[in-house]
Amino acid sequence: MKGKMVYTARDTGERFSEKELSQCQKEKVLLKIYPEEVRQEILGFGGAFTDTAAMALLHMNKEIQKKALDAYFDPETGLSYNMGRVPIGCCDFSTVEYSHAEAPEDEELSSFSIEQDRRGIIPLIKGAEGVMEKSCEKGELLLYALPWSPPGWMKTNGQMSWGGRLCPEYYETMAAYLIKFIKAYEEEGILLWGIAPQNEPIEIQRWASCEYSGEEERIFLKDYLVPALEKAGYQDKKILCWECNKDFIRERAEEILSDRELAQKIFGVAFHWYSGDYFEELERTHQKFPQVQLIATECCVVMPKDLLEWSVGEQYAHDMIGDFNNWTCAWMDWNLFLDRNSGPQIAGNPCAAPIILDEEKQEMILMSSYYYIGHFSRYVKRGAKNIRIEADKEAAQKGLECCAFLNPDGELAVVMMNVSDENMEGCIQAGEGTFHVKLDAHSIATVLVSST
């Protein structure tokens with residue numbers, strides 16, 4: 001067996017550097033990998049095609065635009081992103097507040113329009129697809145869409161922001177609204193892979209937001225959205241639910257998926273990271289509903305003063321490792337791009353993105369999160385299987401975090417992160433191969449093992 005290591009370290013300046021691995025002798029075993037014990041299949045990695053991300057990119061010159069799109073979507077030189085999340089109407093990262101049906105009490109949705117998306121989001125998606133199509137490793141961009149709020153006139157508070165609920169008399173209209181969005185994108189040449197009814201349904205925000213109880217989400221899905229999708233011939237669209245933090249994922253899953261008839265129609269439960277790790281809740285949700293996929297769909301950090309702050313990348317990889325070791329099948333970041341002011345946006349939400357675009361200097365800044373995401377997304381292929389690992393307890397206590405995958409071609413991809421202030425050195429046992437690895441303080445590596 002042959003092994004090589006792709007390596008990124010805070011203090012050495014190495015970024016995706018490749019190193020050949022030597023066979024181990026009688027050294028300490030840091031990690032044992034069990035390729036025969038496969039778990040969930042991986043769908044892919046990606047980020048959100050927000051209005052803000054699109055406009056931030058459009059403010060850059062053509063050369064930087066191409067460079068930025070390649071950095072995410074080129075499967076050979078970029079992060080090999082192959083999934084994406086699309087807001088239906090405005091969210092906190094939009095440049096204007098808008099819905100796709102602005103005329104009050106327009107139950108026929110005669111005013112429906114995606115004109116704002118044609119200004120930014122749709123060109124951004126097509127740009128990403130164009131990068132993927134030029135590659136010799138062509139893959140499908142799986143996109144799913146969801147609203148942050150129905151049009152304000154459908155809600156109990158009469159506005160898109162500050163929560164409120166979808167009025168029961170507009171459940172059917174809202175389902176039709178989502179169908180119109182799918183069709184409108186289809187007419188633009190963009191096929192959506194999936195749909196979700198609402199972002200963060202328990203959050204009341206100063207930007208577009210809407211509350212659904214578990215019972216309300218269940219009723220909307222079962223009695224309105226699922227029938228509307230089937231009537232429109234979109235029964236193949238993947239339906240996601242929840243779309244909020246991990247702490248209450250099991251509770252909401254039980255409220256929706258305990259309806260066995262509806263559970264057969266739900267592809268996955270989507271979750272965010274903002275409440276903390278709660279990896280055990282992913283495990284418990286999987287154990288109760290093993291047929292339903294778990295998908296990480298949003299994370300971000302507050303914009304740091306130092307855009308090269310290393311702990312940002314470590315925070316990302318910690319979450320990704322914990323998620324994948326607890327049955328997560330896909331992982332998506334929040335905004336693809338932001339400018340130095342976390343914009344341009346309407347909400348004043350001070351978030352960061354892995355790629356920051358400096359409009360004044362016309363330069364692209366890669367945060368540490370960019371590299372840490374890449375240690376997964378570049379090397380874990382669609383169709384890979386997560387596999388069981390066993391890390392040395394002493395090394396894990398010091399700061400070794402790991403996960404491993406078996407790619408469709410039989411290659412092993414093992415992600416190892418050292419978050420400690422000390423170097424680590426030892427062996428990994430991967431199938432029949434035993435390889436020596438050295439991890440500097442605050443580093444991450446992807447070990448690739450093949451039989452040829």
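Helix 62-73 axis versus longest C-alpha principal axis of the chain: approximately 70°, rounded to the nearest ten.
Seen from Ala317, the other residues with C-beta closer than 11 Å to its C-beta sum to a net charge of -4, counting Lys and Arg as +1 and Asp and Glu as -1.
What net charge do the residues around Glu20 carry, taking every other residue with its C-beta under 15 Å from that of Glu20, with Lys and Arg at +1 and Asp and Glu at -1? Net local charge, Glu20 excluded: +2.
Take the chain, mark every one of the trypsin sites (Lys or Arg not before Pro) that falls in a DSSP loop and has at most 10 other Cβ within 10 Å, then report the longest stretch left between them, sites excluded. All intermediate terms of the calculation are to be shown ahead of the outcome.
Working: sites that count: Lys26, Lys138, Lys305, Lys361.
With a cap of 10 other Cβ atoms within 10 Å, the longest stretch comes to 139-304.
DSSP beta bridges fully contained in the chain are about 55 percent antiparallel. The C-alpha atoms of the chain define a longest principal axis, and helix 279-288 lies at about 70 degrees to it. Taking a sphere under 13 Å around the Cβ of Ser368 and counting the other residues whose Cβ falls inside, with K and R at +1 and D and E at -1, yields a net charge of -3.
Based on the Kirkwood approach, the hydrodynamic radius assigned to the stretch 147-220 is 12.7 Å, with every pair of different Cα atoms included. The GluC sites (Glu not before Pro) of the stretch 1-68 meeting both criteria, a DSSP state outside H, G, I, E and B (loop) and at most 16 other C-beta atoms within 10 angstrom of the site's C-beta, are Glu27.
When each of the peptides 275-282, 428-435 is scored by how many other beta carbons lie within 10 Å of its residues on average, the order from highest to lowest is 428-435, 275-282.
Give the accessible surface of the stretch 259-315 per residue, rounded to a whole number of Å², with probe radius 1.4 Å and ligands, DNA and RNA excluded.
48 Å²
Solvent-accessible surface of the stretch 188-251, taken per residue with a 1.4 Å probe and all protein chains present: 38 Å². Over 19 Å between Cα atoms, which of Lys222/Lys265; Lys126/Lys361; Lys66/Lys134; Lys28/Lys393; Lys2/Lys32 qualify? The pairs that break the limit, which is 19 Å between Cα atoms, are Lys126/Lys361.
Provide the percentage of antiparallel DSSP beta bridges, counting only those with both residues in the stretch 199-318; round to the nearest 5. So the antiparallel bridges in the stretch 199-318 amount to around 0 percent.
Counting Cα-Cα pairs of the stretch 367-452 in 5 Å increments starting at 0 gives whole-percent bin shares of 3, 14, 25, 25, 20, 10, 3, 0.
With a 1.4 Å probe and all protein chains left in place, how much of the accessible area of the stretch 333-441 comes from carbon and sulfur atoms, in whole percent?
Numbers: 1620 of 3950 Å².
That fraction is 41 percent.
P(r) for the chain, from all Cα pairs and a bin width of 20 Å, is 26, 56, 17, 1 %, short bins first. The stretch 30-91 and the stretch 285-301 have Cα centres separated by 18 Å.
A 1.4 Å probe run over the protein chains yields, for the stretch 32-102, 32 Å² of accessible area per residue, whole-number rounding.
The values are calculated or read from the model by the stated rules, or taken from the named source; none is laboratory data. Given the structure is predicted, the values throughout are model-derived calculations rather than measurements. Counting neighbours? That spans all protein chains shown, and the Cβs are built from the backbone with ideal geometry, glycine included. Surface accessibility is based on the protein's heavy atoms, side chains included, excluding ligands, DNA and RNA. Shrake-Rupley method; radii C 1.70, N 1.55, O 1.52, S 1.80 Å.
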